[in-house]
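K.L.:
My structure is below; once you've seen it, I'll send some questions.
Read-outs throughout are calculated quantities, based only on the coordinates presented, and are distinct from any laboratory measurement. All values derive from a computational prediction rather than experimental measurement. Positions of Cβ are generated from backbone atoms using ideal geometry, with glycine treated the same way; all protein chains shown enter the neighbour counts.
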Amino acid sequence: LFGDFRRRSLALGFALGMVIGLLPKATILVLVFLLALYFLRANLLCGLLSAAAFTFVSPFLDRPADQIGMFLLAVPAVQSFGSNLYEFPLGAWTMLHNSVVLGQLAIGVLFFLPFFAFVLGILSVFRIGTVSAPPKKGSPLAQSKNASAQQFDNAEVLYTVPLEYASGTHSPTGTNRLTKPQEKTKGK
């Protein structure tokens, strides 16, 4: 449900959650990034926690986001893209004509890769998460692990023996290497 626990998946969840948290929630862009969070196999729990945390950071970035958005809206290519997008049925729901929304999206996209690398580094330093996924069923690695597990099941078992038995005084054979124990019969 929450995705896998590889370091890259965890870091991707945190980075996508950062972008979701920075965006105003009344836009369709949030839905697009939530779908990306789900379909890119990012960790959903990390993404939702990060989105919740950055939702509280977002109001403090409104003024710089407004200035960045105003600068971007003054670019002629962005103006033509925005007017074409606004004519589509769901284009107005992106709210990219709003300077704060466009600025928050620009900040989120700008800091996506640095934040991803930062979280990946933190996870690596503290050794949180797995490095890779377990082998797929039928792969050569999974078959070799199954073969080694089967060899272990067929091997002799070493048991720990109390010290007085290990000294040979109470051990009938004088050895510590035993095979699997056999049940005693009651008839003797």
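K.L.:
Just the residues that are touching a Leu at 6+ places or on another chain (Cβ under 7 Å) and part of a loop (DSSP other than H, G, I, E, B), please, taken from the stretch 72-121.
P.N.:
Passing the criteria: only Leu96.
For every residue, the table says whether it meets (1) among the hydroxyl-bearing types (Ser, Thr, Tyr); (2) under 30 Å from Arg8 (Cβ atoms); (3) in contact with an Asp or Glu (Cβ under 8 Å, 6 or more places away or on another chain).
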position: Cys46; (1), (2), (3): no, yes, no
position: Leu49; (1), (2), (3): no, yes, no
position: Val57; (1), (2), (3): no, yes, no
position: Met70; (1), (2), (3): no, no, no
position: Gln79; (1), (2), (3): no, no, no
position: Thr94; (1), (2), (3): yes, yes, no
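K.L.:
Still on this structure: Filter the stretch 20-49 for residues that are among the β-branched types (Val, Ile, Thr), surrounded by fewer than 18 Cβ atoms within 10 Å (Cβ to Cβ) and either in contact (Cβ under 8 Å) with a residue 60 or more places away in the chain or outside any helix (DSSP H, G or I) (or both) and give the result.
P.N.:
Of everything in the stretch 20-49, just one residue is among the β-branched types (Val, Ile, Thr), surrounded by fewer than 18 Cβ atoms within 10 Å (Cβ to Cβ) and either in contact (Cβ under 8 Å) with a residue 60 or more places away in the chain or outside any helix (DSSP H, G or I) (or both), namely Ile28.
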